[in-house]
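Heads up: the structure comes next, in structure tokens.
The numbers here are math on the coordinates, done by the rules we state, and not lab data. The shown structure was predicted, so the numbers you read here are calculated from the model rather than taken from an experiment. Here the Cβ positions follow ideal geometry from the backbone for every residue, glycine too, while neighbour counts run over all protein chains shown.
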Amino acid sequence: MSAAKATSGNLFADDPAFQVTAQTISVLPPLPLAGPYDYLVPEGISVQPGDFVEIPLGRQTQRGVVWGDAKGDVDSSKLREIYGVLPAEPMADVTRKFVDWVSAYTMAPQGAVLRMAMSVADALEPPKPIFRFTLNRDFEPGSLRLTPPRKRVLAFLGDYPPMEQGDILRETGAGASVVKGLVEAGAVQRLMVTPPSPFDAPDLDIPRPDLSPEQTEAADALCKRVDDGGFSCTLLDGVTGSGKTEVYFEPVRAALAQGKQVVVLLPEIALSAQWLQRFRDRFGVNPALWHSEVGQARRRDTWRAVADGTAKLVVGARSALFLPYQDLGLIVVDEEHEHAFKQEDGVIYHARDMAVARAHLGNIPVVLASATPSLETLANVEAGRYQRVELGSRHGVAVLPSVEIIDIREDKPERNRWITPTLKKRLAETFANGEQAMLFLNRRGYAPLTLCRACGHRFQCPNCTAWLVEHRAWGKLQCHHCGYQAKAPDACPSCGAEGKLAPCGPGVERLFEEAVETFPDIKVEVATSDNIMGPKAAAELVKRVHNHEVDLLIGTQILAKGYHFPMLTLVGVVDADLGLAGGDLRAAERSYQLLTQVAGRAGRGERPGTVILQTADPANRVIKAIAAGDRDAFNEVELSQRMTHGMPPHGRLAALIISGKKENEVDEAAWRISRVAPRGDGLMVLGPAPAPLSLLRGRYRRRFLIRADKGVKMQSLIHEWLSKVKTPGSVRVQVDIDPYSFM
Ligand code: ADP
Ligand code: ZN
């Protein structure tokens, strides 16, 4: 820390002999500003990098983190003093480096990234102390008046360790004034204790399950990475049901045994009730959970416990990466291929990639697990940057399901029906055998589009370039992008015709209707994000399926991942072509991954499973690859196509999204940006073009896509480009490095 000379406001400021030497520092507030600001440290206060401090900022009081030495860009006589240091654990070096790294990579302001690392404001307050009461053994009873309640309290405290007031009152039936009186008389002592960590230490003595030879080999390889220490990135590449979780629990245990903290990132943590139970079985404790459904008080306690190192085991969504770990020893990213790891708002980042960066900065191992690894990760394995550990078969007697393809152009469902005769027959057989089935359709609601048969009017969202989706259960039309809702009308708003509105295409609600009509005697249940909205609902669903209170489960992608239902033997994919329609860079890859995951729900127990894909395009290579179970062949073709076009993982992409409420301003800004677009070898700038979602939440949107060869420094290129243009404050320019969404 530099001790620059600064003239504080004293009378002799002009006299060098009287100049006070003050420490100057830079402080980063968690705000999307340019960067850290310089401050003075008042005499008598000492600060270290990483300390949380209170500072004046404009006319407000802000909290920030001491980022390091003053930058010196402002004359020290103009600097303001920090107000003080907060009594919180300082932010670790590695966390600050990580914030800087993420900021540089994503091109988001440092303070915007810091905000993710300081997401719980009141965690910086000292924890509220708790009081316990105990007998004063030295007390001479002498003149103490012993009323019956007093006697009960004294007798109770004589038998127990120090107790909180609530417990004393409940157990003795005495009032609070009794305890107070005893304390005043000196018979009872009040002790102030720091609240215990809400997280128990994991139990490392629970024996590991019998792992198969293949699993043992994989687990040992991963444990070795932990024992060897240092950075490594390993892909745990195992088919669905091969026991990846059981396997990565072993390196988790190894890191915990070293006294380190571990974080496991899951894409749909809020729904992972089944998985959490396995965690409890293996480690005997609840891990510290971190996701958007965790309540405020719990977030605060968790944040503190991660900072003071008492939360050893954290399981969370992507934001868990930004917790203030004191001593992180291992990161696991489960389902690493999942697009849910990409955050699309605010700081736009991919948590899997940031996890690798975090591991690198912390010099620790990271494990990426998947049955369908992303092409990016596979390319890194090929290049030798990541290592690979494989699990080729399902655990125990379970085998991978067989896949059948139904051409819906030949095996036609009835009009306004979606289940083909063959699938219907297979469902009937499954139910007759006492087994369960699942129908997968990645469309919430009743119908994706509502149309007037008289005039052709289509119901569109007023804020977005999107159709309104009918949710018949609520009697509403809803936009799945912005949440706009309207009551489903009886008459067409355009031509006034009554009774002419028709649903087009299927959603899960409509499929439910068909299933109930087709199989009146079976129990059908729909599971989508509309009705399975949290861990409790998910846990209850799992229970119902396990208890066989459900024969047929109809659902969207929330059913694709992780669930293990041993009696589920048939999975029907109602529209296997759905994901291929969008046609973006990763449509085929994503569709392949999703269908493989869905298929992976079938036949996980002793009875073998079947997957039926209904398609109008049986020759499509995604469909063919899934039918053949040939992931490598699919990936090879996919990779070679990407290579031909210089697309990731062979080249780099970035997107600019220009948006605003006034269309002409957005177009004007996009035009000005395009005039100074960079040119060069190995570089291509496309756009500006209206985004496919050219209107989203009331904002007009234009996009640029930048493709560059691997060697090109994308961030500096964009930085230089954008520094040449001034755009009005009403227009937002977002940078998306490595875009996954092209909408
Ligand atoms: P994946 O994540 O690879 O799809 P899981 O880890 O979910 O596979 O394992 C599939 C099922 O097999 C789970 O119910 C799991 O508990 C069980 N399983 C896997 N390995 C073992 C083992 N060695 N001993 C007992 N059960 C196991
Ligand atoms: Zn909308």
(request) Have a look at the DSSP beta bridges in the chain and tell me what percent are antiparallel, nearest 5. (result) 55
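For Lys661, Lys244, what ranking results if the residue with the fewest other Cβ atoms within 10 Å of its Cβ goes first?
Lys661, Lys244
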(request) Tabulate in residue order the Karplus-calculated ³J(HN,Hα) for the range 619-632, using 6.51 cos²θ - 1.76 cosθ + 1.60 with θ = phi - 60°, rounded to whole Hz; enter x for Gly and Pro. (result) 7, 4, 5, 5, 4, 5, 5, 5, 4, 7, x, 10, 5, 5
(message) Give me the dipole magnitude in Debye, nearest 20, for the chain about the Cα centre, with unit charges on the beta carbon: positive for Lys and Arg, negative for Asp and Glu.
(response) 1660
(request) Sum -39500 (n - 2.57) across every DSSP H segment of at least 4 residues in the chain, then divide by the residue count to get the 222 nm mean residue ellipticity, nearest 500. (result) -9000 deg cm²/dmol
(request) Based on the mean of other Cβ atoms within 10 Å per residue, sort peptides 179-185, 445-451, 328-334 so the most packed one is first. (result) 328-334, 445-451, 179-185
(request) Read phi for every residue in the range 507-524 and hand back ³J(HN,Hα) as whole Hz from Karplus 6.51 cos²θ - 1.76 cosθ + 1.60, θ = phi - 60°, with x for Gly and Pro. (result) x, 4, 5, 6, 5, 4, 4, 5, 5, 5, 5, 6, 10, x, 9, 9, 8, 10
(request) Write down, largest first, the equivalent ellipsoid semi-axes of the range 43-181 in whole Å, where each equals the square root of 5 times an eigenvalue of the alpha-carbon gyration tensor. (result) 52, 18, 13
(message) If the reach is capped at under 17 angstrom between alpha carbons, list the lysines near Lys487, excluding any in the same chain fewer than eight residues apart.
(response) Lys476, Lys500
(request) Would you work out the relative contact order for the range 284-398, in percent, from Cα pairs under 8 angstrom that are 6 or more residues apart? (result) 21
(request) Please work through the chain and write down the cysteines that have no neighbouring cysteine Cβ at a distance under 4.7 Å. (result) Cys223, Cys233, Cys482, Cys504
(request) Pick out, from Ala655, Phe156, Tyr484, the residue whose Cα sits farthest towards the positive end of the charge dipole of the chain, with +1 on the Cβ of Lys and Arg and -1 on the Cβ of Asp and Glu. (result) Tyr484
(message) Can you give me the long-range amide H partners of Thr420? Hydrogens built in the peptide plane at 1.01 Å from N, cutoff under 5 Å, separation of 5 or more residues or another chain.
(response) none
(request) Within 10 Å, count the other beta carbons around each residue, average over each peptide in 366-376, 121-131, and list them highest first. (result) 366-376, 121-131
(request) Give the shape of the range 383-431 as rounded, prolate or oblate, defined through the alpha-carbon gyration tensor: a ≥ b ≥ c are the square roots of its eigenvalues, a/c under 1.5 means rounded, and otherwise the shape is prolate if a/b is larger than b/c and oblate if not. (result) oblate
(request) For Gln387, enumerate residues with amide H under 5 Å from its amide H, sequence gap 5+ or separate chain, H modeled in the peptide plane. (result) Cys233, Thr234, Leu235
(request) Give the angle, between 0 and 90 degrees and rounded to the nearest 10, that separates the Cα long axis of helix 587-599 from the longest principal axis of the Cα atoms of the chain. (result) 90
(message) Can you give the log10 of the normalised intensity I(q)/I(0) at q = 0.11 Å⁻¹, computed with Debye over equal Cα scatterers of the chain?
(response) -1.33
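Assigning unit charges at the beta carbon (Lys, Arg +1; Asp, Glu -1) and nothing else, what dipole magnitude in debye, to the nearest 20, does the range 59-161 show about its Cα centre?
600
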(request) Rounded to the nearest 0.05, what FRET efficiency do Asp308 and Val74 give with R0 = 25 Å and r taken as the Cβ-Cβ distance? Could you check? (result) 0.10
(request) Using only Cα atoms, figure out Rg for the range 360-503 and give it as a multiple of 2.2 N^0.38 Å. (result) 1.62
(message) Please compare each pair in Lys224/Lys713; Lys78/Lys342; Lys424/Lys561; Lys78/Lys662; Lys151/Lys312; Lys312/Lys543 to a cut-off of 31 Å on the Cα-Cα distance and tell me which ones are over it.
(response) Lys224/Lys713; Lys78/Lys342; Lys78/Lys662; Lys151/Lys312
(request) Starting at the first residue of the range 24-30, write each ³J(HN,Hα) from the Karplus equation 6.51 cos²θ - 1.76 cosθ + 1.60 with θ = phi - 60°, in whole Hz, x for Gly and Pro. (result) 10, 9, 10, 10, 9, x, x
(message) In the range 65-122, if the dipole is taken from +1 on Lys/Arg beta carbons and -1 on Asp/Glu beta carbons about the Cα centre, which of Leu114, Leu86, Val66 is farthest to the positive end?
(response) Leu114
(request) Enumerate the whole-percent occupancy of each 10 Å bin, from 0 to the last occupied one, for all C-alpha pair distances of the range 554-629. (result) 19, 53, 24, 3
